[in-house]
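Worksheet: the structure to be examined is printed underneath.
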Amino acid sequence: MAEFINVYILDWVAAWFGGSVAVDALFGYIVAAVLKAAIILNIIAVGALFFIWLERKVSGRIQDRLGPTRVGGKFGWLQTLADGLKLITKEDLMPGDADRLLFRLAPYIAFCASFAAYLALPFAAGWAAIQLNVAVFFILAVLGLEVFGVILAGYASASKWSLFGAMREAAQVVSYEVPLGLCVVIPVTVAGTMDLTKIGELQAGWFTNWYVFHSPMMLITAGVFFTCCLASVNRAPFDLAEAESELVAGFHTEYSGLRWSFFFMAEYGSMFLVSGLAAVLFFGGWNGPIPITHILGIAGADGLVGFIAQLMGATNMLLKMSLGVTIMIWIRWTLPRLRIDQVMTTCWKYCTPIACVMFVSVLLWQAYQLPTLGRLAPLRIAGDVEEVLPPPPTTTWLRRPAATELATNGPGSFELADSDIHGAIAAARRLSHEVEGQ
Amino acid sequence: MDAINWSSFYFFLFGGLACLFALAVVFTSNVVRMAFYLIMSLAATSGLFFLAGADFVGAMQIMIYVGGTLVLLIFGVMLTAQGPFIKMHTSGGDWILAAVVGGSMLAILIPAAFALGAFITPDEAEVAAEQRLADGNELPAAQPTATRIGLGVVGARVDKLEQESPVLVGGMSGYLLAFEIIAIHLLVVLVGAAYLARAKKRATPTQIEAVE
């Protein structure tokens, strides 16, 4: 992106004044970085505006009410903006005994953790702020820091309600990171990479290629993953940290005005993010259920056509993320809040063992090349790597593209056929032959 | 603009932040603030890793060290939120002991730091590698990537493919054995911890009388 800005925009502008801009000029990188940060900030902020409105409408309908109806005309669609104005004008209170520095910093830390996790999330093939080859791991690591802001808020408020809320949140998030990590590992092992862009590319084609349809176990894994996501972003029925009926408002009891709204931006940002993570890992990412861009042949094209294809992909992705958040809202207004012991039971006695069993069984499914919806290959025991690859059908978008194909000519091709992996397979084979020989 | 080396700038920024927060840890007496500064210091260190292009190690640093210190913070809050431990005062003897330990550590680390070559960016490293090839020298065999480390862990040493098989079979085939030993060790520790922490049946008065 920085090169594009330098070559096509800055150089063009500079030409008016008789100058020129080098391809790798620093200015292009700064502009690109600012643009990316601004886009992500807008996704979080506008997303929060929209989803808070949606939450009010959906909760209203679920409870047989109308929800907001007046502000901004027909559907009360400016309600959140009015709320925002109210929040800005509120008095900024701080308890007398509060740890002033930490009290001020806590909302920003929670928000920054949520923001930083977006940096590695791809919205379409290659449309990530930073292309990391360990994107999944990075997102999990950074997302775990959001609880840091919550704990600091709970401690610094010098209030019993806040401290109780924060301790509950800490226990919950630290516990749920275990099954969450296990669930993430499963699609990562199936894809063979931690790069979210590659994981998304591997699910290109019809919706049968999505990893959620990889095997029956994967479907269960997606369910467990979503449950753990709910717990890790502190949403009902796991919203013990802010249980209104017991703790006033939990960790943000003492917060008001803009600081309070930062916590909510962080919460809605994380909800949107984990929905995106679920979309990429299990639901095909930016690939729609019907591969329109592949049928039209515009996926991975150059210039404006390719840009439109990417935009369609990003629309798919944003739709899936919004759907994920809508399901979270639906669950929140349907299920009652769990007790802390029930939360722990759900984590350690259900989610973690299920995730472990699913991990092993998906690996077995993969090792024995059992059929998946996307690749209805005949049942064969893995004897040799080349043998078990299914014969290539005539149209590539009908099935999951083989790794070697993607490397040479596939849509948005990438280098999966790494010499490292081939070398490792050769070494493993040599080893096994020698062990057999002895 | 090219007069400024931006890699150096960010290196000094993150390095300075890490040192600053490390000093803050030493000079704060509040337990929770200490843990907070420690987390900041460790996060700045992970920034250094990201700057060096080691994304995996950077994410590891966040996951393990920052996440681990987070748990420390939780215990700090849980055990000391109220009461006499919220402010910690260090006695003179502790200062001397800490100075000896810290000073000797520093004496080891400073020569080690200056023994390394200058800090170069991944781009510069690539240029240097190309220059090495152009001069007719061979590249160093091991190029550390996450893929290689991961494959090594599961038993295939990518960097030792050329070696003769007896070496590979003779315990050099990877880090799998060490990995397994560590895993079993951790499992044993966890089982032991669970055993020690299990809810014990409280002795009833009648049982105590019976023993007496």
Selected residue (criterion: modelled with the lowest pLDDT) from residues of region B:116-157 that are under 21 Å from the mean Cα position of the chain (by Cα) and more than 14 Å from chain A (Cβ to nearest Cβ): B:Phe119
Residue check for A:Leu121: touching a residue at least 12 places away in the same chain (Cβ under 8 Å), away from chain B (no Cβ under 11 Å), among the aliphatic types (A, V, I, L, M) and closer than 23 Å to A:Phe264 by Cβ: yes
Some residue of region A:38-49 being modelled with pLDDT under 90, crowded, with 17+ Cβ neighbours inside 10 Å and on the phi > 0 side of the Ramachandran plot: no
Qualifying residue in region A:248-259 (condition: among the small types (Gly, Ala, Ser) and assigned to a helix (DSSP H, G or I)): yes
Only listed residue being among the aliphatic types (A, V, I, L, M), within 30 Å of B:Thr69 (Cα to Cα), surrounded by 14 or more Cβ atoms within 10 Å (Cβ to Cβ) and facing chain B (nearest Cβ under 9 Å), chosen from A:Ala135, A:Ala128: A:Ala135
Region A:223-247, residues that are more than 15 Å from the chain's Cα centre (by Cα) and assigned to a loop (DSSP other than H, G, I, E, B): A:Asn234, A:Arg235, A:Ala236, A:Pro237, A:Phe238, A:Asp239, A:Ala243
Residue, surrounded by the fewest Cβ atoms within 10 Å (Cβ to Cβ), within region A:144-153, restricted to residues that are more than 10 Å from chain B (Cβ to nearest Cβ) and over 16 Å from B:Arg33 (Cβ atoms): A:Glu146
Test for A:Gly76: is it away from chain B (no Cβ under 14 Å), part of a loop (DSSP other than H, G, I, E, B) and either among the hydrophobic types (A, V, I, L, M, F, W, C) or touching a residue at least 12 places away in the same chain (Cβ under 8 Å) (or both): yes
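Would you check which residues across region A:243-279 are hydrophobic (A, V, I, L, M, F, W, C) and touching a Pro at 6+ places or on another chain (Cβ under 7 Å) and list them?
Passing the criteria: A:Phe262, A:Phe263.
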Count - residues of region A:325-345 that are among the charged types (D, E, K, R) and in a loop (DSSP other than H, G, I, E, B): 2
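If only one of A:Gly257, A:Gly223 is surrounded by fewer than 22 Cβ atoms within 10 Å (Cβ to Cβ) and at pLDDT 85 or above, which one is it?
Details: A:Gly257 fails: at pLDDT 85 or above.
Only one candidate passes the filter, namely A:Gly223.
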Looking only at region A:88-111, and only at residues there that are among the basic types (Lys, Arg) and within 14 Å of another protein chain (Cβ to nearest Cβ), the one that is surrounded by the fewest Cβ atoms within 10 Å (Cβ to Cβ): A:Arg100
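Each row is one residue, and each column tells you yes or no for (1) under 26 Å from A:Gly257 (Cα atoms); (2) more than 24 Å from the chain's Cα centre (by Cα).
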position	(1), (2)
A:Phe75	yes, yes
A:Gly84	yes, yes
A:Gly96	yes, yes
A:Phe115	yes, no
A:Leu121	no, no
A:Leu132	no, no
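I'd like to know if region A:310-324 contains one or more residues that are of a type in the set (D, E, K, R), closer than 24 Å to A:Thr189 by Cβ, modelled with pLDDT of 85 or more and part of a helix (DSSP H, G or I).
yes
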Output for region A:154-187, where each listed residue is on the phi < 0 side of the Ramachandran plot, of a type in the set (A, V, I, L, M) and within 11 Å of chain B (Cβ to nearest Cβ): A:Ala156, A:Leu163, A:Ala166, A:Met167, A:Ala170, A:Ala171, A:Val173, A:Val174
Which numbered condition A:Val71 misses (of (1) aliphatic (A, V, I, L, M); (2) part of a loop (DSSP other than H, G, I, E, B); (3) away from chain B (no Cβ under 14 Å); (4) within 30 Å of A:Gly149 (Cα to Cα)): (4)
Helices (runs of 4 or more DSSP H) fully within region A:141-203 counting 2 or more residues that are farther than 22 Å from A:Leu273 by Cβ: A:146-156, A:160-191
Residue pairs meeting the criteria (Cβ under 6 Å; at least 6 apart or on separate chains; first free of Cβ contacts under 8 Å to residues at least 40 places away in the same chain and within 14 Å of another protein chain (Cβ to nearest Cβ), in region B:20-32; second surrounded by 12 or more Cβ atoms within 10 Å (Cβ to Cβ) and part of a helix (DSSP H, G or I)): B:Phe21/B:Tyr37; B:Phe21/B:Met40; B:Phe21/B:Ser41; B:Ala24/B:Tyr37; B:Thr28/B:Met34
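The values are calculated or read from the model by the stated rules, or taken from the named source; none is laboratory data. Note that the structure is a prediction, hence the values are computed from the model and not measured. Cβ coordinates were reconstructed from backbone atoms using ideal geometry, including for glycine residues, and neighbour counts include every protein chain displayed.
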